[in-house]
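Notes to accompany the following structure.
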Amino acid sequence: MSETATDAGTASVDPSIRRGTLVPVTPVLSICILVLEHAALALDCLDALRRPGASPPGTELVVVANGTPPDQLDSLVAHDDVVLVVNELNLGFGAGCNQAASVARASLLVFLNDDSTVEE
């Protein structure tokens with residue numbers, strides 16, 4: 001990741017993006033989840049989304065690790081059905097959501113907190 005200067009003179013972080021091989025190429029829905037410090041919360045949320053009936057077929061899972069500590073990232077990288085955006089710094093909730101939206105491929109977006117669970 002690198003920092004680049006913007007016209008306003010502030011620095012912006014160029015995120016690292018990893019698109020797993022099991023992520024749908026043309027998803028019908030993108031579910032976007034931000035993670036801050038505790039990847040376990042997001043992993044529970046992802047597990048809930050993977051349950052039968054929890055999300056429609058062809059759903060893309062986009063996770064933004066927003067300043068998540070490196071020791072927490074390993075558990076997120078291991079999931080090949082996730083688009084993982086890694087920011088070294090916490091860019092804030094709004095910027096993280098905008099990043100998720102910018103890499104999402106579906107025209108329909110759902111934003112969830114990392115501690116959310118879904119039911120059928």
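Please treat every number below as a calculation from the coordinates, not as lab data. For clarity, every value in this text was computed on a predicted model and none was experimentally measured. Heads up, the Cβs are rebuilt from the backbone with ideal geometry, glycines too, and the neighbour counts pull from every protein chain shown.
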Given the DSSP H assignment, sum -39500 (n - 2.57) over each helix run of at least 4 residues in the chain and divide by its residue total; what's the result at 222 nm in deg cm²/dmol, nearest 500?
-7500 deg cm²/dmol
Kyte-Doolittle mean at least 1.0, axial Cα span of 15 Å or more - DSSP H helices of the chain:
39-50
Pick out, from Gly53, His79, Leu34, the residue whose Cα sits farthest towards the positive end of the charge dipole of the chain, with +1 on the Cβ of Lys and Arg and -1 on the Cβ of Asp and Glu.
Gly53
Any residue on another chain or 5+ positions along whose placed amide H is under 5 Å from the amide H of Val110 is listed here as Ser30, Ile31, Cys32
Sequence gap at least 6, Cα distance under 8 Å: using those rules, report the relative contact order of the chain to the nearest whole percent.
37
Specify which labelled value, from (1) 37; (2) 25; (3) 31, agrees with percent of Cα pairs over 23 Å apart derived from the coordinates of the model shown.
(2)
